[in-house]
Amino acid sequence: MKMFHVYEDWTTELEPRCFYVGKGDDSRVAKLKRFNEHHLNVVSSLGQKRVVVFSTIDEKATFELERKLIKERHTYLKDPEFNGIGCNRTLGGQGPAGRTMSEETKKKLSIAKSGVPSNKVW
């Protein structure tokens with residue numbers, strides 16, 4: 001059974017600040033590096049600590065909590081009360097979980113990623 005998680009990325013400052021809220025499975029949580037220039041900039045200048053705040057098999061519940069926390073933490077880039085370092089580019093609640101890829105797509109992805117080192121954190 002697949003578990004879904006909601007996680008927050010916090011700075012490692014003396015007084016940590018939340019800068020990203022995400023949702024995903026185990027592999028997504030373990031993958032600290034994001035392809036989001038705002039996120040990369042915050043991590044490189046202020047550090048990163050990932051905290052899983054909720055886990056369940058109910059994907060809908062994780063989408064709802066992700067939206068709620070993005071709003072509460074003001075991490076959405078276009079939030080009128082933007083916290084200054086937030087890195088969420090959407091209001092949350094989206095994602096490709098459960099998507100099935102064709103064998104052709106899997107092969108293309110495998111070729112594209114061959115030779116690229118993994119950035120998993122265990």
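Against the test of being under 18 Å from GLY93 (Cα atoms), of a type in the set (Val, Ile, Thr) and either open to solvent by 40 Å² or more (accessible area, probe 1.4 Å) or out of contact with any Lys or Arg (no Cβ under 6 Å at 6 or more places or on another chain) (or both), the options THR62, THR12, THR56 yield a single qualifying residue, THR56. Would you please name the residue that is farthest from TYR76 (Cα to Cα), looking only at residues in the range 20-35 that are under 8 Å from the mean Cα position of the chain (by Cα) and open to solvent by less than 20 Å² (accessible area, probe 1.4 Å)? Out of the qualifying residues, it is GLY24. How many residues are more than 14 Å from TRP10 (Cβ to Cβ), within 14 Å of the chain's Cα centre (by Cα) and hydrophobic (A, V, I, L, M, F, W, C) when one looks only at the range 71-89? Counting residues in the range 71-89 that are more than 14 Å from TRP10 (Cβ to Cβ), within 14 Å of the chain's Cα centre (by Cα) and hydrophobic (A, V, I, L, M, F, W, C) gives 0. Looking across the range 23-40 at every residue that is of a type outside the set (D, E, K, R) and either in contact with a strand residue (DSSP E or B) (Cβ under 7 Å, 6 or more places away or on another chain) or at pLDDT 95 or above (or both), the one that is farthest from CYS87 (Cα to Cα) is identified as ALA30.
Return the total of residues in the range 75-109 being at positive phi and either at pLDDT below 90 or open to solvent by 50 Å² or more (accessible area, probe 1.4 Å) (or both). Matching residues across the range 75-109 total 4.
State all residues of the range 3-19 that are over 11 Å from the mean Cα position of the chain (by Cα), among the hydroxyl-bearing types (Ser, Thr, Tyr) and closer than 20 Å to TYR76 by Cβ; if no residue qualifies, say none. The one that is over 11 Å from the mean Cα position of the chain (by Cα), among the hydroxyl-bearing types (Ser, Thr, Tyr) and closer than 20 Å to TYR76 by Cβ: THR11. Taken over the range 23-67, the criterion of being basic (Lys, Arg) and without any contact (Cβ under 8 Å) to a residue 12 or more places away in the chain is satisfied by LYS60 alone.
The values are calculated or read from the model by the stated rules, or taken from the named source; none is laboratory data. These numbers were taken from a predicted model, which means no experiment stands behind them. No Cβ is skipped: glycine too gets one built from the backbone with ideal geometry, and neighbour counts run over all protein chains shown. Each accessible area value is taken on the protein alone, full model and side chains, heavy atoms only, with ligands, DNA and RNA left out. Shrake-Rupley method; radii C 1.70, N 1.55, O 1.52, S 1.80 Å.
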